[in-house]
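The values are calculated or read from the model by the stated rules, or taken from the named source; none is laboratory data. On a predicted model such as this, the values are computed, not experimentally measured, just so you know. Heads up, the Cβs are rebuilt from the backbone with ideal geometry, glycines too, and the neighbour counts pull from every protein chain shown.
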Amino acid sequence: MEDRPRAVGLFRYSLVAEAADPALTKRQRGELVRDVASRWHLGPAGERVRVSRNTLDRWIRAYRSGGFDALVPGPRHTDPRTPTEVLTQAETLRKEEPRRTAEQIARLIAEDRGWSPSARTLQRHLLRVELPWRGSSRPEAFGRFEAESRNDLWTGDALHGAVVGGRKTYLFAFIDDHSRTLVGYRWGHSEDTFRLEEALRRGLASRGVPRRLYLDHGSAMVSHQLARACACLGIVLVHSAVRRPQGRGKIERAFRTVTEQFVVEIAHSDVGDLDALNRLFDAWVESVYHRRVHSETGEAPLERFLAAGPPALPTAEQLREAFLFAERRRVTKTASVSLFGNHYEVDALLVGESVELVFDPFDLADIEVRFRGRPVGRAVPRHIGRHVHPHVKAESPEVAPTASGIDYLRLVERRRAAELARRIDYRDLAAGPTTDGDDSTDNDSTNTDSTDRTDDMEDLR
């Protein structure tokens, strides 16, 4: 509202600026003014308007005498029709609770006084006295950020994909912030920590170790096993603030490209299982995505990543140690510990102590025991009922059960048809016994007819 008078002044100036030139003759100025007055113009509020010649002449005289400020309309000096005490009450209600909307303030005033001005009137007044609504926070401005070098920051996230092999698929991927290279990726049938770590492990083995890893607060991203893996490799694990996804724009944009160029083509390709899906995705990433010039950097992602030479890769032993799982247990009086329902024997000197059990989640028969950070032997299995971590889910599709061959609804339909085929003709029930010249019938015949009619009535019921 404060900018409207100046917008009006600019509109007036755009119409009279050329005609107000003092070097013009009266005849030239008259031709210009008549031409402007004969055409439609786009007004300051976006509406189509026409301005008369007399109005244009008045604006020219005002501009000559007072400059641009003379074209800006002054504030209106009209007495408000809404009583001052009502407007003051609206101000008090807004100051008392800044989250009250103008409509709510109008309801409160109407409840108190029996009437109220419109919500729009109150809204204009409250803006005029600088009491805006504080129900929502002011939008924030976010600057553009890019890591200075490769492997300085990796951002990871999960993408929901298509159905393959009768099950939904999920893509875990990590992108290098500096080069936009997809450093690690893997499709799976579950959105869990195991699939996340598998994608991360592949990236570490082929692209090196990042300085920072940036994730959201998904259940797969906040596990203490992932935190242990990052600690073993010296990676700083950073989680974004809750409900603030602004820092993950690069991975979200990459997922959009994956969806538009790869996922959309899955239905038109022979993808029978998860292995085929991962092979096709690996071929697309390395031969298409990594070699196409990125619109933001002006370079192909892989070319930008390798500009500083091959990265230093972790050893196989370092990766193995990083992705082992660890659980703490207290040794019982019988020198044993339990883990996911399994029971193991440990050194008797550890009775009563809290030890760390380090293991591969896919092989619970081999457990290493550590005490105060040092290895103290291996746990001897006493009873093994579970061989893998309880959260491990099989990637292979479930086998469909053998069909029984029973069509229940068809059987019901055939039974109903058989019932309708045995319908009773009521005319037969009403007809009496037949005679052949002899009016007398023996008792046996009478009893038989009576019994038949009784059976028919029973069937009817």
Practice problem: Kindly provide the set of residues from region 22-51 that are at pLDDT 85 or above and of a type in the set (Asp, Glu), ordered by number. | Solution: 31, 35
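On the basis of being of a type outside the set (Lys, Arg), over 21 Å from residue 188 (Cα atoms) and in a loop (DSSP other than H, G, I, E, B), does residue 312 make the cut? Please lay out each step first, then the result.
Working: of a type outside the set (Lys, Arg): yes; over 21 Å from residue 188 (Cα atoms): yes; in a loop (DSSP other than H, G, I, E, B): yes.
Criteria met by residue 312.
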Quiz item: Could you count how many residues in region 41-62 are touching a strand residue (DSSP E or B) at 6+ places or on another chain (Cβ under 9 Å) and surrounded by 10 or more Cβ atoms within 10 Å (Cβ to Cβ)?
Solution: 6
Practice problem: Pick out the one residue from 202, 186, 211 that is charged (D, E, K, R) and touching a Phe, Trp or Tyr at 6+ places or on another chain (Cβ under 6 Å). | Solution: 186
Quiz item: What residue, among those in region 317-339 that are free of Cβ contacts under 8 Å to residues at least 24 places away in the same chain and not in a loop (DSSP other than H, G, I, E, B), is surrounded by the fewest Cβ atoms within 10 Å (Cβ to Cβ)?
Solution: 317
